[in-house]
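Undergrad: The structure's right below; bear with me while I get my questions together.
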Amino acid sequence: MKRIACMWVAAAAVMVVLLQGCASSRAVEEKPVAVALEPVRRGSVFVVSHSQGVLAASDEAQISSKIAGRVEQVFVRVGDEVGVNEALLVLETDELRAYVKQAEAALDAAWANLRRLTAGASEAELAQAKAAVAQAEAAYNNAKETYERMEALYAVGAVSRQQRDQARTQYEVAGAQLDIANKQMEIVQRGAPKDAIDAVRASVAQAEAALELARLQLAQAVVRTPIKGKVSYVNARVGNLVSPGLPLAGVVNDEMLEVDFPLTERQVTRVRRGDRVQVQVPSITYTTEGEVVHVSPAADARTRVYQMRVRIGNPGYLLPGMFARLTLVEDSAVDVLIIPLAAVLREDQDAYVFTVNDNHAYERRVVLGLSDGTWIQVIEGLSEQDMVVIRGQHYLSPGVRVTVEGGNW
């Protein structure tokens, strides 16, 4: 029994020696984890989203003729700069000028007729009417005397009834002719009736309208641009027949450019008319600010997106048709504590970072806020004097020895 006990003691001693050797070996082999640190700092975090659109000229016109005709002359070429109301081309005008002269003559005739009716009778017309009345009165008086004499003679049987009736008929006819002469005299003295004058006035107005239309068509033979800008295309050639509404030329004004951006439900609640937004043109690495000039009040029924129109100035080298990229700030945290997003580790719903003190790692639970993908807001858990591990943190656990790249902290 004593021998067995001695054997167990010896075995135990050997095990103790082996264990101490293993611990010593691990201590020799353990190396500190190399880490890099970044200070907690104050800054701002902007949560942004993006949308894409195509640049277009803010003012563009497709120009056509309002009348049919044959092209007589073209004044512009593609790329020419034109001003407002500048002539682009002209149609043949010989026939149109003839229409104007015809309308002018018709108007002169209508005015002459109106002046004649409203001026009243001339002295000659008045004298002629008075002479007619006097003649009719003389005839009437003569017929009256003859009839009275015949009536007296018929009463004593000196003339026949037929003779008396004939004298009475002549008397009645003379009376009717005298009434006509008097009424004609009244018309001459009074002038033309109102309805006749009104009819002539209407003919004057009609002739004026016809002349105005003829002159307008003559003016429309010169096709002009309603906007200033550059000529983008010319379809007209000398001798071509053109019809109303047929596009003959295009003019674009690209001093200001517009771009329509599609927005989601979340994005559209962040903008309103008059806001300033950031617009990039990636093809030429150009960034500028634009003004929101329109936000659609309802989503497209098919795509469920909203449209926002932004206007930007053209420095001279932007062209319609270029792609543009909108950067829209959806949320922000200004003048807050921030750390690199890479420093954050997560465990379930919790977030933590590692800090370093006396060359050892320490875990710090943190409450986080907004992130822009590079930096993240720290609400609780760190102060401005802290340093967080931004490289090597995935190999750390609380208490692990570390070595800080660039020096010890």
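Rule-based calculations on the coordinates, nothing more; no lab input. As the structure is a prediction and not an experimental result, all values here were calculated from the model. Please note: Cβ atoms are built from the backbone with ideal geometry, for glycine as well, and neighbour counts cover all protein chains shown.
Undergrad: Students often get this wrong, so try it: which of (i) 77, 59, 37; (ii) 210, 54, 38; (iii) 59, 53, 42 is Cα extents along the principal axes in Å as calculated from the structure shown?
TA: Given (i) 77, 59, 37; (ii) 210, 54, 38; (iii) 59, 53, 42, the structure-derived one carries the label (ii).
Undergrad: Right, next: Let me have the relative contact order for the stretch 100-214, percent, based on Cα pairs under 8 Å that are six or more residues apart. Can you show the working numbers first?
TA: Working: 85 pairs, mean separation 59.7, N = 115.
The value is 52 percent.
Undergrad: OK, next. Using +1 at the Cβ of each Lys and Arg and -1 at the Cβ of each Asp and Glu in the chain, identify which of Ser51, Gln166, Val389 lies farthest towards the dipole's positive end.
TA: After comparing all options, I get Val389.
Undergrad: Write down the Kirkwood hydrodynamic radius of the stretch 100-214, to one decimal in angstroms, obtained as one divided by the mean of 1/r over all alpha carbon pairs.
TA: Working: mean 1/r = 0.0563 Å⁻¹.
Taking the inverse mean of 1/r over all distinct Cα pairs, the stretch 100-214 comes out at 17.8 Å.
Undergrad: Considering only Ala131, Ala36, Ala87, whose Cα is most displaced toward the positive end of the charge dipole of the chain, charges sitting on Cβ of Lys, Arg (+1) and Asp, Glu (-1)?
TA: Working it through, the farthest residue towards the positive pole turns out to be Ala36.
Undergrad: Okay, next question. If the only charges are +1 at each Lys and Arg Cβ and -1 at each Asp and Glu Cβ, what is the size of the charge dipole of the chain around the Cα centre, to the nearest 20 debye?
TA: 760
Undergrad: Could you tell me which of the pairs Lys130/Lys194; Lys144/Lys194; Lys101/Lys230 are separated by over 31 angstrom between their Cα atoms in the structure shown? Intermediate values should be presented prior to the final figure.
TA: Numbers: Lys130/Lys194 23 Å; Lys144/Lys194 37 Å; Lys101/Lys230 37 Å.
In this structure, Lys144/Lys194; Lys101/Lys230 exceed 31 Å between Cα atoms.
Undergrad: Taking 8 Å as the Cα distance limit and 6 or more residues as the minimum spacing, I'd like the relative contact order of the chain as a percentage. Can you show the working numbers first?
TA: On the way: 743 pairs, mean separation 122.4, N = 409.
Computed over the chain, the figure is 30 percent.
Undergrad: Would you calculate the volume per residue, in Å³, of the smallest convex hull containing every Cα atom of the stretch 85-130?
TA: Details: hull volume 4.4 nm³, N = 46.
About 96 Å³ per residue, rounded to a whole number.
Undergrad: Mind checking Rg over Rh on the stretch 268-409, alpha carbons, Kirkwood formula for Rh? Mind showing how you got there, number by number?
TA: On the way: Rg = 22.3 Å, Rh = 19.1 Å.
Rg/Rh for the stretch 268-409 comes to 1.17.
Undergrad: Helix-only estimate, please: 222 nm mean residue ellipticity of the chain, summing -39500 (n - 2.57) across DSSP H runs of length 4 or more and dividing by its residues, to the nearest 500. Mind showing how you got there, number by number?
TA: Details: 6 runs with 147 residues, N = 409.
After summing the helix terms and dividing by the residues of the chain, the value is -12500 deg cm²/dmol.
Undergrad: Quick one: dipole size for the stretch 111-238, taken about the Cα centre, charges +1 on Lys/Arg Cβ and -1 on Asp/Glu Cβ, in debye to the nearest 20. Don't skip to the answer; put the middle values down first.
TA: On the way: 17 positive and 14 negative charges, 245 e Å.
Once rounded to the nearest 20, the dipole reads 1180 debye.
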